[in-house]
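The values are calculated or read from the model by the stated rules, or taken from the named source; none is laboratory data. Bear in mind the structure is a predicted one, so any value in this text is a computation, not a measurement. Counting neighbours? That spans all protein chains shown, and the Cβs are built from the backbone with ideal geometry, glycine included.
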Amino acid sequence: MVESKDIEKWQAHVTVEIASAADPSHVERAIPLPLSSFFEVQGLSKGNYIVRLVFGLLERTHKFQSESINVDLEAASVIHLGPLQFTAEEHTQKQASGKCVILKF
């Protein structure tokens, strides 16, 4: 399950990734976050995994923070995870106030 204050606003931009704990850069599965915020992944072999959320919008324009959960499929083949939480927000651009020079030709 995934939770966020504005989950409806950001749901289309969030992906659930399951990666190998031994090599976190090796993504085993990546699924778009379903509208229900619940997800199920089948067909993973026994091992240790990291379940994390990935944001699809640019860091330059948005701030995204999320949790990750370590999962041990050696101990059990079916695991119900507690909620993964995230926060997302748009960066607000503030224009510096100052003097403006107008050139007339």
Task: In region 40-61, the residues that are touching a strand residue (DSSP E or B) at 6+ places or on another chain (Cβ under 6 Å) and either farther than 23 Å from SER77 by Cα or in contact (Cβ under 8 Å) with a residue 40 or more places away in the chain (or both) - done: LEU53, VAL54, PHE55
Task: Matching residues, region 21-44, being surrounded by fewer than 15 Cβ atoms within 10 Å (Cβ to Cβ) and hydroxyl-bearing (Ser, Thr, Tyr) - done: SER25, SER36
Open item on the list: As an exercise: evaluate VAL54 against (1) surrounded by 12 or more Cβ atoms within 10 Å (Cβ to Cβ); (2) more than 13 Å from the chain's Cα centre (by Cα) and give the number of the one condition it does not meet.
Closed with: (2)
- [ ] Hey, can you tell me all the residues within region 35-76 that are at pLDDT below 85 and either under 18 Å from GLU8 (Cβ atoms) or among the hydroxyl-bearing types (Ser, Thr, Tyr) (or both)?
- [x] LEU35, SER36, SER37, PHE38, PHE39
Task: SER37 closer than 13 Å to LEU84 by Cβ, touching a residue at least 12 places away in the same chain (Cβ under 8 Å) and in a loop (DSSP other than H, G, I, E, B) - done: yes
- [ ] Name the single residue, out of those in region 1-20 being at pLDDT 90 or above and within 23 Å of ASN48 (Cα to Cα), that is surrounded by the most Cβ atoms within 10 Å (Cβ to Cβ).
- [x] VAL14
- [ ] Quick one: in region 9-34, of everything that is assigned to a loop (DSSP other than H, G, I, E, B) and among the aliphatic types (A, V, I, L, M), which residue is nearest to GLN65 (Cα to Cα)?
- [x] LEU33
TODO: Six or more apart or on different chains, Cβ under 8 Å: which pairs go from a residue in region 11-26 that's farther than 18 Å from GLU74 by Cα to one that's loosely packed, with under 11 Cβ neighbours inside 10 Å? Could you list them?
DONE: GLN11/LEU35
